[in-house]
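Below you'll find the structure, written out as structure tokens, and then a few comments.
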Amino acid sequence: MRRRDFIALACGAALSAGGQHRLSAQPAMPVIGFLRSASLAPAQNLVSAFRRGLRETDFVEGESVAIELRSAEDDPERLPALVAELIQHPVAVIVGNVLAALAAKAATTTVPIVFATGADPIRDGLVASVNRPGGNVTGVVFISSVLGAKRLELLHQLVPKVGTIGVLVNPGSPNTEAERKDVQAAARAKGSN
């Protein structure tokens with residue numbers, strides 16, 4: 001199953017379930033809250049792919065579903081207010097990145113939350129288990145943060161006599177510290193710097 005199909009299916013299920021527990025407060029057209037901790041401007045490709053995925057499963061914006069876009073514009077302290085605004089709207093589901101999903105999880109146990117991450121959702125506190133997330137939070141995990149050690153191993157195979165290897169990271173990413181520790185542990189195990 002393609003990632004886009006899964007996310008659209010998860011949102012569709014949440015939209016269907018969302019209408020059942022809040023019939024009186026739910027508008028005629030279900031509303032999806034799309035929330036990011038970072039700016040939406042550089043993420044227009046994600047917004048377009050999200051809309052396209054919904055369309056492919058017959059959730060057409062303006063016809064069968066409404067989408068409320070929100071962004072904390074790289075200021076995580078704004079997230080609780082944005083989540084509260086979406087919950088009051090009301091939305092049938094909140095879709096977000098890790099920081100947005102964590103803020104939503106702290107604010108509600110009833111509105112379904114769908115996240116996408118490249119990190120460990122258990123370590124980040126999003127879910128109790130990947131197989132059984134529990135609660136109102138589910139999502140898609142792209143295991144990119146745990147690939148640092150594997151990349152180091154492959155690089156070591158390609159250039160076995162290298163003495164020092166540098167790793168470039170995004171210091172603003174919540175996954176950076178975990179990836180750094182994984183790569184350093186793998187380097188120690190190999191006897192590298």
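If each of M29 and K190 carries a label point 7 Å out from its Cα toward its Cβ, how far apart are those two points in nm?
5.3 nm
Can you quote the Å³ per residue value for the convex hull of the Cα atoms in the stretch 93-193, rounded to an integer? Walk me through the intermediate numbers first.
On the way: hull volume 10.1 nm³, N = 101.
Value for the stretch 93-193: 100 Å³ per residue.
Expected output is a single nm value to one decimal: the length gained when fully extending between R55 and S129, i.e. 0.36 nm times separation in residues minus the C-alpha distance. What is it? Provide the component values of the computation, followed by the final result.
Numbers: separation 74, 0.36 × 74 = 26.64 nm, distance 3.00 nm.
The R55-S129 span can extend by a further 23.6 nm.
Using only Cα positions of the stretch 106-159, each an equal point scatterer, no hydration layer, compute I(q)/I(0) via Debye at q = 0.19, 0.22, 0.25 Å⁻¹ and quote the log10 values to two decimals.
-0.67, -0.80, -0.94
Label the stretch 145-190 by shape, choosing from rounded, prolate and oblate, from the square roots a ≥ b ≥ c of the eigenvalues of the Cα gyration tensor; if a/c is under 1.5 it is rounded, and otherwise prolate applies when a/b is larger than b/c, oblate when it is not.
Prolate, because a/c is 1.5 or more and a/b exceeds b/c.
So how do 45-55, 83-93, 127-137, 111-121 stack up, highest first, on mean other-Cβ count within 10 Å?
Details: 45-55: 15.5, 83-93: 19.9, 127-137: 13.5, 111-121: 21.8.
Those peptides, ordered most packed to least, come out 111-121, 83-93, 45-55, 127-137.
At 7 Å along Cα-to-Cβ for each site, give me the label-to-label distance between V169 and N45 in nm.
2.4 nm
Where a number appears in this text, it was derived from the coordinates with a stated rule and is not lab data. Just so it is clear, the model here is predicted, and its values are computed rather than measured. So basically every Cβ, Gly included, is an ideal-geometry build from the backbone, and we count neighbours across all protein chains shown.
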